[in-house]
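Report on the following structure.
The values are calculated or read from the model by the stated rules, or taken from the named source; none is laboratory data. Keep in mind that what you see is a predicted model, and the values were worked out from it rather than measured. Reconstructed Cβ throughout: ideal geometry from the backbone, glycine too, with neighbour counts over all protein chains shown.
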């Protein structure tokens with residue numbers, strides 16, 4: 001009797017344990033395989049203690065400056081980079097296999113690189129006044145240390161997030177030097193090594209530019225906020241609430257995956273990490289009720305990827321966007337709400353149709369937690385998120401809001417014993433926060449080099465003009481080419497880096513053709529995010545496939561189908577920013593929401609082959625035409641688009657009624 005009561009008391013834990021046991025899931029191994037940022041050393045003894053002290057010190061520094069005032073821009077960013085380079089070389093092995101891949105030891109050369117990383121950064125802080133006085137007149141020491149700094153940033157980025165971004169950066173560096181030999185309009189006068197190094201190292205135009213500035217302030221604190229929340233048990237709270245809300249419905253576990261991943265994604269900007277952490281529970285559950293493994297992995301990947309575009313805490317790219325556009329972050333978050341919700345409704349709809357298609361049921365209610373009990377147990381953990389949103393809405397800076405959100409998280413956790421953070425937990429959270437920020441910081445430093453080259457050579461304006469010319473001055477064509485560029489870059493680069501690169505090269509082309517700046521930047525962000533589920537390099541989908549034991553390419557294609565709404569929505573708000581609430585009346589926005597949902601439903605049904613029942617070829621064709629008509633926000637195209645969708649619904653309902661009548665007769 002006692003055992004049964006205990007079982008009923010914690011139904012989700014038993015389900016989670018059962019799911020992990022059946023799937024034999026090693027979360028850490030999967031993270032290391034699919035998420036480069038998680039492939040770290042685990043040294044023992046004094047080395048482990050040193051790494052922990054440095055990481056905790058990094059978090060304490062950023063927490064302190066977030067609450068009591070940032071240092072001067074170059075000094076703040078330089079110390080941020082010093083911590084980053086030191087930790088990357090101590091934590092990340094040289095290669096996954098072969099030389100330097102032993103994860104229990106830190107080789108001597110990495111200690112040297114770690115020290116060098118600190119030296120080249122701290123040099124700017126120690127000699128700050130002197131550097132300001134002789135601005136434009138670098139010494140040999142400046143150039144030597146600057147050159148070393150660039151090389152260290154590239155190597156740290158390669159280790160932390162992979163080789164793709166360093167390769168892109170190297171191409172830009174070569175371009176800046178060999179300008180006179182470039183073809184056509186890409187040609188420029190070229191710059192000496194000394195001039196390039198000075199521009200990238202000795203000011204806030206290159207490595208220490210806006211991207212690293214955002215990383216060293218807003219982004220770090222929001223990552224730390226997520227780490228602290230995670231230590232309080234917020235992740236489990238999200239899963240419990242999702243189970244209570246949707247576990248019993250048609251195809252319940254898949255809907256749980258969508259809701260839980262949306263919750264987690266709203267405070268965690270990593271598609272892969274989100275896929276693995278929530279997917280380790282939801283994917284085995286999906287498989288247990290009959291979902292095919294390729295589809296189960298795809299559901300988690302598509303849902304987790306959307307977290308980067310879901311407020312209140314979007315991915316790091318949104319904070320960079322705020323600085324680039326010089327508008328408050330809350331305005332970006334407010335504009336992103338409606339498209340993000342439509343994206344998740346689209347994924348949820350696709351999941352529901354798939355469940356209906358194969359007759360998949362939900363989980364028994366008696367095995368699920370009750371929402372009331374979940375809220376009673378851990379509902380207080382929502383308060384810091386509400387407080388964060390309140391502070392942002394009241395026009396406080398993201399830095400101020402994040403600082404107090406962390407303070408609130410620590411204070412609120414003390415209310416109940418099962419969420420209370422002791423000193424050890426707090427230090428662990430601060431260490432996790434620093435570790436979680438390394439990939440973003442390295443990417444921002446490398447992206448800063450790209451920005452520096454673009455500003456030095458004027459390449460951004462040339463690319464923008466080239467895109468407009470390639471599109472023949474036609475907005476739709478230019479949007480299409482920008483989408484392709486976003487996806488191609490996004491296949492190998494982290495979201496923040498790909499956004500930064502495209503924002504300085506592609507966004508001006510869209511603005512030039514009449515797209516509002518915020519809509520243009522969100523357009524680029526969306527397709528950079530969608531790249532995580534776009535084969536052949538769909539990293540989030542591959543992580544989902546790893547958990548489900550499915551085929552990576554099939555999982556990627558399924559994830560792409562589920563995320564199909566993400567391909568329509570950016571076109572709609574680029575052509576009519578009323579969907580972002582930037583223009584027109586609320587009624588106009590409401591109509592756009594309805595037509596967008598109709599378009600997403602039409603496209604999703606065509607892709608999945610099911611609406612009310614299995615679609616016939618002619619119905620698929622009509623649904624595709626309907627979706628493309630609804631893609632352009634205009635009453636002239638919306639009306640026939642809606643009519644075609646209703647026509648297919650009528651055809652399917654008629655056929656459904658006829659089939660039911662025949663069954664009754666037989």
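Here is how the numbers come out for the structure above:
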| quantity | calculated |
| --- | --- |
| Residues within segment 432-459 that are farther than 18 Å from residue 496 by Cβ and in a helix (DSSP H, G or I), tallied | 5 |
| Segment 547-565 - residue that is buried (at least 24 other Cβ atoms within 10 Å of the Cβ) and not in a loop (DSSP other than H, G, I, E, B) and, of those, farthest from the chain's Cα centre (by Cα) | 548 |
| Selection count, segment 480-504, where residues are closer than 16 Å to residue 469 by Cα and either in contact with a strand residue (DSSP E or B) (Cβ under 8 Å, 6 or more places away or on another chain) or surrounded by 24 or more Cβ atoms within 10 Å (Cβ to Cβ) (or both) | 1 |
| Residues (farther than 15 Å from residue 506 by Cα and surrounded by fewer than 21 Cβ atoms within 10 Å (Cβ to Cβ)) located in segment 439-456 | 456 |
| Enumeration of residues in segment 66-78 that are part of a helix (DSSP H, G or I) and without any contact (Cβ under 8 Å) to a residue 60 or more places away in the chain | 68, 75 |
| The listed residue being part of a helix (DSSP H, G or I), in contact with a helix residue (DSSP H, G or I) (Cβ under 7 Å, 6 or more places away or on another chain) and closer than 18 Å to residue 80 by Cα, out of 169, 219 | 219 |
| From the options 579, 623, 603, residue that is buried (at least 22 other Cβ atoms within 10 Å of the Cβ), assigned to a helix (DSSP H, G or I) and at pLDDT below 90 | 603 |
| Qualifying position, being touching a helix residue (DSSP H, G or I) at 6+ places or on another chain (Cβ under 6 Å), at pLDDT below 90 and either surrounded by 24 or more Cβ atoms within 10 Å (Cβ to Cβ) or within 30 Å of residue 578 (Cα to Cα) (or both), among 320, 351 | 351 |
| Only listed residue being over 18 Å from residue 219 (Cβ atoms) and buried (at least 21 other Cβ atoms within 10 Å of the Cβ), chosen from 413, 409, 395 | 413 |
| Among (1) under 30 Å from residue 425 (Cα atoms); (2) free of Cβ contacts under 8 Å to residues at least 60 places away in the same chain; (3) over 15 Å from the mean Cα position of the chain (by Cα), the one test that residue 326 misses | (1) |
| Hits in segment 626-654 (condition: under 31 Å from the mean Cα position of the chain (by Cα) and either modelled with pLDDT of 95 or more or assigned to a helix (DSSP H, G or I) (or both)) | 626, 627, 628, 629, 630, 631 |
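For (1) part of a helix (DSSP H, G or I); (2) crowded, with 24+ Cβ neighbours inside 10 Å, each residue gets a yes or a no:
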site: 189; (1), (2): no, no
site: 194; (1), (2): yes, no
site: 199; (1), (2): yes, no
site: 207; (1), (2): no, yes
site: 248; (1), (2): no, no
site: 260; (1), (2): yes, yes
site: 277; (1), (2): yes, no
site: 281; (1), (2): yes, yes
site: 285; (1), (2): yes, yes
